[in-house]
């Protein structure tokens, strides 16, 4: 058995993504009281996903990313799709695995195509 099989968590961790991003639909996003690593209670928005078994408590970075996609009011978040992706971040002087939130890649606004290059009259670089 591996550690995650023995110590099952209801919270989503970067390792649960198996190195791949996933698009999820928010079912609801209530404010819940959780304990931080120091044992202090703090209120956090927790994302529940349609068909999901684990939940994702939001830090400020992921909360802001959700708000940019779904709007500032968490009551409006259900039904929106977000993409969860694994990455690395610094925490307490160490580089650790993390989950981040972004707009699903298929929904990203496409960058405008650059105008066609002008013929500069040769192969020389003009600067």
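Where a number appears in this text, it was derived from the coordinates with a stated rule and is not lab data. Worth saying up front: this structure is predicted, and the values here are computed from it rather than measured.
Apply the a/c threshold of 1.5 to the C-alpha gyration tensor of the stretch 25-71 and tell me whether it is rounded, prolate or oblate.
oblate
For a test of the definition: using alpha carbon positions, the gyration tensor, and the 1.5 limit on a/c, classify the stretch 1-50 as rounded, prolate or oblate.
oblate
Once a ≥ b ≥ c are taken as the square roots of the eigenvalues of the Cα gyration tensor of the stretch 3-107, is the result rounded (a/c under 1.5), prolate (a/b larger than b/c) or oblate (a/b not larger than b/c)?
Rounded.
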